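What follows is a single structure, written as structure tokens, with notes after it.
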Amino acid sequence: MKRTVKFVVGIVVLTLVSGLLSFGSPAAAHGPVEDGCSAVPDSGLLFNFHDSCDAHDRCYVYTPYGNSSAGRSTCDSVFYQDMLNDCRAMWPIWYQSFQRAGCRGVAWTYYIGVRTFGGVFFGPA
């Protein structure tokens with residue numbers, strides 16, 4: 001139990017630090033139904049989930065997999081896979097495994113966040 005708590009706290013700290021240390025140009029504007037990654041940063045030192053978060057927002061609004069708990073679960077699973085693909089694209093070289101692992105940790109944290117707190121936002125408005 002202690003190990004799990006330490007892991008979760010570490011991932012949360014990594015997420016916050018990555019968001020605070022974001023570099024590069026500002027993220028592109030969001031569309032009419034997107035707000036990016038909502039309460040957490042779209043990008044940071046180790047990750048850039050801007051497009052994945054926008055796609056997830058569209059999935060929640062337009063419910064292409066059905067307006068059900070199974071549809072929401074599919075939206076969240078696709079979101080997680082999209083973020084992992086972002087990590088692979090951002091850190092493709094074998095010696096970037098530390099950065100890729102950090103990016104994947106942020107992706108997992110965001111996935112757990114939408115599974116835990118995203119239900120109230122799912123479905124057409």
When the range 63-110 is checked residue by residue, the ones that are farther than 11 Å from residue 49 by Cβ, charged (D, E, K, R) and touching a residue at least 24 places away in the same chain (Cβ under 8 Å) are 72, 76
Mind checking which residues of the range 97-125 are among the hydrophobic types (A, V, I, L, M, F, W, C) and out of contact with any Ser or Thr (no Cβ under 7 Å at 6 or more places or on another chain)?
98, 101, 103, 107, 108, 112, 114, 117, 120, 121, 122, 125
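Each value in this text was obtained by applying a stated rule to the coordinates, not by laboratory testing. Bear in mind the structure is a predicted one, so any value in this text is a computation, not a measurement. Note that each Cβ is placed from the backbone with ideal geometry, even for glycine, and that neighbours are counted across all protein chains shown.
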